[in-house]
Amino acid sequence: MKASVTQPGPHSLLQDFSAVMATPFGALGIVSDGQYLRGIEFLPPGHSTSTPANTIAEMAQHQLGHYLADPDYRFDLPLAPGGSEYRRRIWAAIAAIPRGTTCTYGELAQTANSAARAVGQACGDNPFPVVIPCHRVVRSDGGLAGYRWGVERKDALIKREAGQ
């Protein structure tokens, strides 16, 4: 069974989810075509859950559950190829940020030979929040900004990973 989003997020379209799972940070909508994980979306409060419609959605839900139990869990999901070469490079750099630490947009831009604003845009276009932990990217003053799913979620994820 698939659940539909009734209110799209800033970057999502009305779409069917292959599974919807509850987390301490709100419901997560999982999008899979049965071969690849196509995306993950934080959903509006009160969104109902649904069971996985295919094996990849089940795998994603299972691994996200492991992450919730242990923030050091390493994801091994078949992510759909997508985004420009630049975005994939930024997403790989974000995925390399260790749990419990953060990196600034500027630091990430410097390592990618880019601009902080471009890094911020790539973070905002990340189709796999939590799996590619863009919540670990912060402003130069350590402040939380630029998280399309809300700075409250970003703060909660960072604190949880830091053991707070």
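Some observations on this one:
- Nitroxide proxy distance, nm - points 7 Å out along Cα→Cβ at residue 101 and residue 16: 4.3
- For the pair residue 35 and residue 140 in one chain, pulling the backbone fully straight at 0.36 nm per residue adds 34.0 nm over the alpha carbon distance.
- Of 111, 44, 55, farthest towards positive along the dipole that unit charges on Lys, Arg, Asp, Glu beta carbons give the chain: 111
- Difference of contour (0.36 nm per residue) and Cα-Cα distance, residue 66 to residue 112: 13.5 nm
- Estimated at the nearest 10 Å², the accessible area of residue 66 is 80 Å² with a 1.4 Å probe.
- Amide H within-cut-off set for residue 32, under 5 Å, with H built and near neighbours excluded: 18, 38
- Between residue 73 and residue 89, the modelled label-to-label distance comes to 3.2 nm, taking each label 7 Å out from Cα in the direction of the beta carbon.
- Helix-only [θ]222 nm of the chain, DSSP H runs n ≥ 4, -39500 (n - 2.57) each, per residue, nearest 500: -9500 deg cm²/dmol
- Shape of segment 42-164, Cα gyration tensor, a/c cut at 1.5: prolate
- Calculated from backbone phi, Karplus (6.51, -1.76, 1.60) coupling profile of segment 65-72 in Hz, x at Gly/Pro: x, 4, 4, 5, 7, 8, x, 7
- FRET efficiency, 1/(1 + (r/R0)^6) with R0 30 Å, evaluated for residue 51 and residue 121 via beta carbons: 0.30
- The chain: relative contact order as a whole-number percent, Cα under 8 Å and 6+ apart: 18
The values are calculated or read from the model by the stated rules, or taken from the named source; none is laboratory data. Since the structure is predicted, the reported quantities are computational estimates derived from the model, not experimental observations. Here Cβ is always computed from backbone atoms with ideal geometry, including for glycine, and neighbour counts include all displayed protein chains. The protein model used for the area step is the full one, side chains on, heavy atoms only, and it has no ligands, DNA or RNA in it. Shrake-Rupley method; radii C 1.70, N 1.55, O 1.52, S 1.80 Å.
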